[in-house]
Amino acid sequence: MRCDNYCPRCGDPEESVTHAIFECPPALQVWSLSLTPTSPTIFPVSSVYTNIDYLFWKKNNIIEPQQDRNPYPWIIWYIWKARIEKLFRGTDRDPLDLVRHAESECNAWFDANEAGNQCGCGWVWMDSGGVIQLMGTRNFTRRESALHSEVEALRWAMENMLQHSPCQTFGTDCKELITMIKEPKAWPSFATELERIETLQICFPDFKIIHVPRARNHFSDFLAKTA
């Protein structure tokens, strides 16, 4: 069986982990646009070990560790995802968009961990014309994971809709939550939480859950952050 080792993003005939994450031109663009200090002779270089050593330790001589919200773990992950998307879908990810997305996810993670043992959620009920009729916000004890909190927020929103509105359609910016609701048996570790959702769904004969991009979900997002 023949294996092609070329880089799907730049066409280099010999791709390695170092090349994919640190040396490929699109990856280099990402690092240069990121908050991570770069220099041709210091970072990134041709050694994956030197690069990781720099990200973990040496850059702390440049950035104060307590002020360091550098999203390099997220950048590495999204560079790799961009490679996969190029290889299997033929799509190119804009470097600046990738950096902004990584920074957003990084800040969300730090904010969540600095918030203590509480997390917030919020919901907004809009009529068919998109006019806000009612909204709610609360905080609750942080769950095992962010996805557990998403399920908890949906359950609470459904309970509120039963009391206050004839709403049948729910929107979320969490695609994983939608997958869970549609295929609950594929998520055995959430069995108890999903059983509660399924019980509530009986009360919604036309229940539907749809994806709403975070940019269009700013009211609920604001309520959750200020809960």
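The values are calculated or read from the model by the stated rules, or taken from the named source; none is laboratory data. Because the structure is predicted, anything quoted here is derived from the model rather than measured. Here the Cβ positions follow ideal geometry from the backbone for every residue, glycine too, while neighbour counts run over all protein chains shown.
Quick look at the values:
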| read-out | value |
| --- | --- |
| Residues satisfying the stated conditions in the range 81-98, i.e. hydrophobic (A, V, I, L, M, F, W, C) and surrounded by 16 or more Cβ atoms within 10 Å (Cβ to Cβ) | Ala82, Leu98 |
| Total residues in the range 1-45, condition under 28 Å from Ser104 (Cα atoms), small (Gly, Ala, Ser) and exposed (fewer than 12 other Cβ atoms within 10 Å of the Cβ) | 1 |
| Selection within the range 149-163 - touching a Leu at 6+ places or on another chain (Cβ under 6 Å) and under 13 Å from Cys203 (Cβ atoms) | Met158 |
| Single residue of the range 143-159 satisfying the filter (surrounded by 17 or more Cβ atoms within 10 Å (Cβ to Cβ) and touching a strand residue (DSSP E or B) at 6+ places or on another chain (Cβ under 9 Å)) that is farthest from Asp221 (Cα to Cα) | Met158 |
| Of residues in the range 25-59 being touching a residue at least 40 places away in the same chain (Cβ under 8 Å) and part of a loop (DSSP other than H, G, I, E, B), the one nearest to Ile76 (Cα to Cα) | Ser34 |
| Unique match (being at pLDDT below 90 and out of contact with any Pro (no Cβ under 8 Å at 6 or more places or on another chain)) among Lys208, Lys225 | Lys225 |
| The range 171-189, residues that are within 19 Å of the chain's Cα centre (by Cα) and surrounded by 15 or more Cβ atoms within 10 Å (Cβ to Cβ) | Gly171, Thr172, Asp173, Cys174, Leu177, Ile178, Met180, Ile181, Trp187 |
| Options Ile210, Ile202: the member that is out of contact with any Cys (no Cβ under 6 Å at 6 or more places or on another chain), within 30 Å of Ser104 (Cα to Cα), aliphatic (A, V, I, L, M) and in the same structural domain as Asp127 (by TED's automatic domain parsing) | Ile210 |
| Test result for Leu200, touching a Lys or Arg at 6+ places or on another chain (Cβ under 7 Å) and either exposed (fewer than 11 other Cβ atoms within 10 Å of the Cβ) or modelled with pLDDT of 90 or more (or both) | yes |
